[in-house]
1. Quick one: in the range 211-280, what % of C-alpha pairs are over 14 Å apart?
2. Grab the beta carbon distance between GLN161 and ASN257, set R0 = 35 Å, and tell me the FRET efficiency rounded to 0.05.
3. Using label points projected 7 Å from each Cα along Cα→Cβ, tell me how many nm separate GLN168 and ASN305, to one decimal.
4. Take peptides 62-69, 108-115, 166-173 and line them up by average Cβ neighbours within 10 Å, highest first, as a rough protection proxy.
5. Along Cα→Cβ, 7 Å out, is where each label goes; now give me the distance between the ones at SER125 and ARG176 in nm to one decimal.
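Each value in this text was obtained by applying a stated rule to the coordinates, not by laboratory testing. Please read these numbers as outputs of a predicted model, since none were measured by experiment. For neighbour counting, all protein chains shown are included, and Cβ atoms are generated from backbone atoms with ideal geometry for every residue, glycine included.
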Amino acid sequence: MVERIVRNRTNRGWLWGLLLLSCCALSRADTVVLKEGQTITGQIVLEKQNQLYVDIGVTVVTIPKDKILEYHYGEAKVPAADANNVKAEAAGPVGPQPSADGSSHLYKTARLKRTTIEKCVEAVSEAVVKITSPGGTGSGFFISEEGYLITNYHVIEKETQIEVTMFQKTATGFERKVFKKVRIEAINPFIDLALLKVEDFGDMKITFVYLGDVDRITAGEQVFAIGNPLGLERTITNGVISTKNRAFEGLTYIQTNADINPGNSGGPLFNLAGEVIGVTNMGYIFLGGLGFAIPVNYVKEFIDNREAFAYDKDNPNSGYKYLQPDRRRNKATPPLSKKGKDL
């Protein structure tokens, strides 16, 4: 419809056409074409595996992808068949982004429209999981529909028996699904990150989250965390960014007054667009309002260079710490055997 108006005005005068084209460039309109022929114009605020969420001005409508013929980010067209291989960027769609070694990213990025915490939680809560090992529990979140997820290294440190609990929405609430076939893909103890992969999903559909951009966050911005503090599943806490670059031991962290407690470790810190901007990993139990998260740019670098941090159970550099044997307590010369050798 916007294109038709511009063409009509252009026929009447180049000046009006130029002005209208400028307005269209400033306020990009996305378009969804249904298989039955109808066209919906608005802004695509969230893309999930089986649905699109489109803001049409007065409300946000949910459109099943099996009803879509094609949809447009701005001027570019995206066939519905390729919907799962597209990133939602403000300037238009972008396919799987290549990394330095030529392989595709395991994660997806987006510039989603800011909304309320309630709407964000509705969209992203299924992607947040509980991670359990013999040493304790923590949190994590899916970054792809193939089952890859991010958590803190200290959540799985020295552990190999790992379980992932997903909370799937049903008509009556949430259903807990436990997966025990979990592979450690990569670890980096220095920035406290681990990449895992759940391998026993079968045909189940996975909800994943988009990774944001730390350069686009500001102090004072509202954020929220989802995790399992002290084993309390699916807990949501909110606050603001206290500062985006608090330094600890040579690294920078996002400081927030959103409560971060044991069990939140490895969970996502979201902005109000539902984009992950950090991974929660530190908090002070007796000092409320002091929580910290690993910035998402560290997460992207870790995933992009995952081969350098690939986990190997037989490699002592894979995070296992070996204790030195105790020194001899008896410093006297050992007795000699009959053959003149030390016993």
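1. 54
2. On the way: r = 35 Å, r/R0 = 1.01.
Step by step, r from the Cβ atoms, then E = 0.50.
3. 3.8
4. Working: 62-69: 13.9, 108-115: 18.9, 166-173: 11.4.
In descending order of packing, they fall as 108-115, 62-69, 166-173.
5. 1.6
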